[in-house]
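No lab work stands behind these numbers, since they all come straight from the coordinates. Quick caveat, the model's predicted, so the values are computed rather than measured. Methodologically, a virtual Cβ is constructed for each residue, glycine included, from the backbone with ideal geometry; neighbour enumeration extends over all protein chains shown.
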Amino acid sequence: MGTHAQAESVSSAEVFDPGDRWVPVDRRWWGLDRRTLLPALVVLALAFLQGVVLPRIDDAIPVADVTTAGDVLALKGGFTFTADGGWSLVEGELVGDEPSGQGYPDAAVLTRGGTQFTVRTGTFTGDSAALLDQIEQTQQKLGSALTATGDRVAVTTLSGESGVMTRYAAPQVDGVLAAFVIEGTGVEIIALGPEQPGQDILTDVGAMIASLTHTGKESS
């Protein structure tokens with residue numbers, strides 16, 4: 001290679017600008033930017049959960065573990081809610097089925113038609129808005145693709161418990177997130193499913209949230 005050609009090569013290297021989209025080797029994995037991998041994997045996992053796993057769980061649940069209208073689930077902290085009929089009880093206990101010596105669990109999970117409805121309780125010292133903030137911040141730190149969208153709205157259950165609720169969504173997944181804080185106990189309710197759930201699913205989700213009740217003592 002001649003001196004002139006070498007000079008042109010050096011000059012080209014000196015002025016090379018990879019641009020803002022260039023990703024350094026130490027941040028790449030299989031040629032992809034590692035910073036974008038986790039959010040992308042979370043989206044794929046949610047789509048797989050909603051489209052494949054939940055329907056299979058529904059099919060695998062014995063008929064005895066499918067709710068009938070009026071079934072009441074109990075949670076730690078003296079909370080109950082009424083399940084609508086036709087949901088698969090993946091986790092949780094009905095009132096009267098308290099595990100011997102253990103008390104009721106702090107979570108209940110129901111599924112139906114690719115939608116998952118989860119209720120969790122735990123100690124919390126702030127108000128409902130603060131609990132909603134904490135849930136969102138935790139999801140962000142975990143790299144979750146789920147985000148709260150739209151305005152928060154106040155929600156009041158049929159028993160008079162007040163909380164806040166917002167739309168909770170990710171690509172190909174839609175749902176709601178509700179938070180209540182009652183006498184030092186926080187209640188997190190998340191419903192997630194396909195972007196266009198059937199009206200019966202929407203009605204069930206709304207009814208189950210509205211049925212949340214705090215008895216002030218463990219149900220029996």
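Under a model in which nothing but the beta-carbon of Lys, Arg (+1) and Asp, Glu (-1) is charged, the stretch 59-214 shows a dipole of about 320 debye around its Cα centre.
Contact order for the stretch 59-214, expressed relative to its length and based on alpha carbon pairs under 8 Å spaced 6+ residues apart, stands at 22 percent.
With a simple spin-label model that places each label point 7 Å from the Cα along the Cα-to-Cβ direction, the separation between Ala107 and Thr123 comes to 1.9 nm. Kindly state, to the nearest 0.05, the FRET efficiency for Lys76 paired with Thr149, given R0 = 35 Å and r defined as their beta-carbon distance. The pair Lys76/Thr149 has a calculated efficiency of 0.70. For the stretch 59-214, the square roots a ≥ b ≥ c of the C-alpha gyration tensor eigenvalues yield an a/c of 1.5 or more together with a/b not exceeding b/c, which makes the shape oblate. Quick check: Cα centre of the stretch 145-220 to Cα centre of the stretch 78-116, how many Å? So the separation of the two Cα centres works out to 15 Å.
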